[in-house]
1. Using +1 at the Cβ of each Lys and Arg and -1 at the Cβ of each Asp and Glu in chain A, identify which of A:Gly147, A:Met390, A:Gln295 lies farthest towards the dipole's positive end.
2. Assign unit charges at the C-beta atoms only (+1 for Lys and Arg, -1 for Asp and Glu), then state the dipole size of chain A relative to its Cα centre in Debye, rounded to the nearest 20.
3. Against the longest alpha carbon principal axis of chain A, how many degrees, from 0 to 90 and to the nearest 10, is the axis of helix A:340-353 turned?
4. Quick check: the distance between the Cα centres of the range A:315-356 and the range A:184-203, to the nearest angstrom?
5. From the residues A:Ala156, A:Ala332, A:Thr282, which one has its Cα farthest along the dipole of chain A in the positive direction, the dipole being from +1 and -1 charges on Cβ of Lys/Arg and Asp/Glu about the Cα centre?
6. Classify the range A:43-82 as rounded, prolate or oblate from the Cα gyration tensor: take a ≥ b ≥ c as the square roots of its eigenvalues, call it rounded if a/c is under 1.5, otherwise prolate when a/b beats b/c and oblate if not.
7. Kindly express, to the nearest 10 degrees and within the range 0 to 90, the angle between helix B:70-80's C-alpha long axis and the longest C-alpha principal axis of chain B.
8. Between the helical axis of A:216-226 and the dominant principal axis of chain A, each derived from Cα atoms, what acute angle in degrees is found, rounded to the nearest 10?
Amino acid sequence: MDQSLRPVVDETRGIYRVPRRAFVDQTVFERECRAIFDKCWLYLGHASELPNPGDYVTRKVAGRPMLFTRDKDDQYHALINVCPHRGAVVCRERKGSSPAFQCMYHGWVFANTGRLMVVPGHAGYPADYKDDPGKQLSHAPRFDRFGDFFFVSFAADGEDLATYLAGAGDYLKLVSEQSSKGMTIVGGTQEYSIRGNWKLLAENSVDGYHAASTHSTYLEYLKNANGSTHDTRLAGFGHDLGNGHAVIEYFAPWGRPIANWIPLWGEEGKSEIEAIQQDLTTRLGQERADRIAKQSRNMIIFPNLVINDVMAITVRTFWPTAPDYMEVNAWALAPAEESEWLRKFRLFNFTEFLGPGGFATPDDVEAIEKCQVGYQAAREAQYNDISRGMLREGGSAYDDELQMRCFWNEWDRRIQEHGA
Amino acid sequence: MTREAEIDAMLLQHRVQSFLFHEADLLDRWQLNEWEALFADEASYLVPPTDVDGDFADPSKSLFYIFDDRTRIHERVVRLEKKGAHSEFPRSKTRHLVSNVRATAQGDTIEATASFAVWRSKDGNTDIFVGHYSYRLVEIDGALRIAEKKCVLDMDALRPHARISILL
């Protein structure tokens, strides 16, 4: 590929520049589809979305219509939701429970394992037609889980999921360990779009540097709502988790519905929060319990899964359909055993910052969309700078730009590896 | 229905409709403090997501787009009055169309529903929010006040929109 579309890096001089054409160029977008989205492990869904045998959800993954099912033997399947006969989408409902699915076009019926069960007018076909492997619903070439997080890869070969996740695995555990009964996706999905390149949201999701300026009104809201009694300053570190994944882990002024009480929630809930803290400490030890309770984490799992464990936990994917447009899906993740009181405050907390109606995400969107407009001048104003903290000694600060560099190093490696 | 009951229903309809039109006008003129003053002391402003049944979903059990209590309604207005609310600075142009208003009085409260289409235009893009309102209104000192305003989006998803940074 054109060398001018690659990041310009000089580790010793602390230079890291990203060409803005990488956010607007159609050939780059097509290359990303092949080199990244056709190869990487991609998030499909969470086990809690299929609580019972027979349950299913449908969603798009890298543009493909997918059917995620749990059969009667509790086996999970990542099926390509496309009829092998003439290609219509088979299951057209968002979610539900069913042992079988009938294609509306010619009436073929498939089990939730993908197996073809009924072909209307079968006399027109050979006797063993139904057993033809090519007539079953296709499975994602690779499908695996890490804890309750399910991923697919559309590449037949490659490293296994745990290897791929590298250091991100332990951070997924830090989320899962918040419950002794299992974490659950809370009903209700935020489904929106941003008129910007998908990589802008990857960067923004783990950007600690922009909080003070982009989110000044949110930070002022926290002060108004909680008073000066809760004035923890933003402070922490950024970590390279390998394979393009990165995290920032830091202290912040917001309440966390996992053992970090704030005045906004009222005195009556304090004892419940203390009991959760005690349970965490008993199960996990003081150090890890304190880390889970008191610190926030924003993590990008390359290429497009964000798990932000902040004033609530959001699981977020974002899929490009063009260089300047992405579809975003965001869920709330919570301990299954959480009380009604705490669940309410968790969701109240989630919506104070996160999502299209929050006090912060709309301003992230504004930044992303204004960057995309700015990149129209990519020929004259050529580069982004993500060098902050490159020459800092003693670890990367939460508001440095290490996380973006991890992402871009991996992006560049995969784009180059893919060849012309 | 007796003639007297019909006249009562007409007066209620007129009163609620005038109130909703007044609210829409305040929003389109960005008179946010006046808008906030339409709410009762205990009030909520809700926008459910599009993949649940918005008429029945509970914001303490499902993730919503907007789950504001009275304090946060105030804070939302405070925020929107600042230049730091970047998404709405400079402010977008909006137009709220409110129709199909229906109202019934039950004791001290009035339940009202209406259809809405809200256009938001800014920076070369125009997004349309389509849905229906569900209001719980109360009378305080002779004036109608909002105890709950729920905006149920009759949309497949919030796309191509990116935000509900305006007030619906």
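Taken together, the values in this text are just the output of simple stated rules run on the coordinates, not laboratory data. Computed from a prediction, not measured in an experiment: that's the story for all the values here. A quick note on method: Cβ atoms are made from the backbone with ideal geometry, for glycine too, and the neighbour counts reach across all protein chains shown.
1. The one lying farthest along the dipole's positive direction is A:Gly147.
2. In total the dipole reaches around 840 debye.
3. 80
4. 8
5. My answer, from the dipole projection, is A:Ala156.
6. Details: a/c = 2.57, a/b = 1.74, b/c = 1.48.
Cα axes put the range A:43-82 in the prolate bin.
7. The helix B:70-80 is inclined about 40 degrees to chain B.
8. Rounded to the nearest ten degrees, it is 80.
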